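Colleague: Shown below is the structure under consideration.
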Amino acid sequence: MRIGILQAGQSPEVLKASLGDYPDMFTRLLAGRGFDFSHFHVEGMDFPVSPADADGWLITGSRHGAYEDHAFIPPLEDFIRQAYAQGVPLVGICFGHQIIAQALGGRVIKHPDGWAVGTQDYDFEGEKVVLNAWHQDQVVDLPADARVVGTNAFCENAALVYGDRAYTVQAHPEFEDDFVQGLIEHRAKGKVSQDLLDGAQARMGEAKAGNQVADRIEAFFKQPRNLAKGAA
């Protein structure tokens, strides 16, 4: 099964050599599950010709806001709507979670309660799931087809499923603690309060459920689809 990774942001340059860029992290997360990967740097205006160019699509995180004025956002939203209409499955992580919701009629805001940074506890339909997070933006109004399947006190809409067409997660199953530490050192200054950074570092080393979310992503991509690819 071919998965197209739509890269909407980049790892800090200082971390790329040792920890990789976002497509590298997802390739590692989903390794050994029968997927082949292609990669399109949509932030740099490198887009697939058609949703039919892959069997499924995964949209990465980004430092950009889904609601901001960037050249790549309108064509990415158009691509999301085309894939959704054609029944080509979509997975979104962090920014990907947000841009899918926005493209399909939801609303994303810079949340007034601030940031979630580092280890967070979520309720995924009765299952405790511990993941790293790094976000201030949140989905606050859901598209008509979306159903909440993951939540916590800070982020009510932490994971969404749209039938068999999209599955999205606000947190980062692909982020290991060393990458979060790198973000603390290279991206947090002047943005995130020291109390939050101290809390994130205090929980470093706790077991994360990235593989559990990878299981969910695999199952989502591989499930039988009700609408054949290419249908209107």
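Colleague: Suppose R0 equals 22 Å. What FRET efficiency, 1/(1 + (r/R0)^6) with r the Cβ-Cβ distance, do A31 and D178 give to the nearest 0.05?
Modeller: About 0.75, to the nearest 0.05.
Colleague: Tell me, rounded to the nearest percent, the portion of alpha carbon pairs in the chain spaced more than 31 Å apart.
Modeller: Tail of the P(r) past 31 Å holds 14 percent of the pairs.
Colleague: Which distance in nm do the two modelled labels at D121 and D78 give, with both placed 7 Å along the Cα-to-Cβ direction?
Modeller: According to this spin-label approximation, the distance is 4.6 nm.
Colleague: Another question about this same structure. What lysines sit close enough to K128 to cross-link, taking a C-alpha to C-alpha distance under 17 Å and skipping anything fewer than 8 places away on the same chain?
Modeller: K208
Colleague: Still on this structure, I have one more. Can you tell me which of 132-144, 51-63, 96-108 comes out highest on packing, and rank the rest after it, using the mean Cβ neighbours within 10 Å? Mind dumping the intermediate values first?
Modeller: Details: 132-144: 19.2, 51-63: 22.1, 96-108: 24.3.
Final packing ranking: 96-108, 51-63, 132-144.
Colleague: Also, I was wondering about something else. Return the whole-Å distance between the Cα centroid of the stretch 120-140 and the Cα centroid of the stretch 102-116.
Modeller: 14
Colleague: At a 10 angstrom cut-off on C-beta neighbours, averaged per residue, how do the peptides 167-175, 28-36, 110-118 rank from highest to lowest?
Modeller: 167-175, 110-118, 28-36
Colleague: Using label points projected 7 Å from each Cα along Cα→Cβ, tell me how many nm separate A144 and D195, to one decimal.
Modeller: Going by the 7 Å Cα→Cβ label model, 4.2 nm.
Colleague: List, in order, the whole-Hz ³J(HN,Hα) value for each residue of the stretch 49-59 obtained from phi through the Karplus relation with A = 6.51, B = -1.76, C = 1.60 and θ = phi - 60°; use x for Gly and Pro.
Modeller: These are the phi-based 3J(HN,Hα) values: 5, 8, x, 6, 6, 8, 7, x, 10, 10, 9 Hz.
Only the coordinates and a few stated rules stand behind these numbers; no lab work does. A quick note: this is a predicted structure, and the numbers were derived from the prediction, not measured. Here the Cβ is made from the backbone with ideal geometry for all residues, glycine too, and neighbour counts use every protein chain on show.
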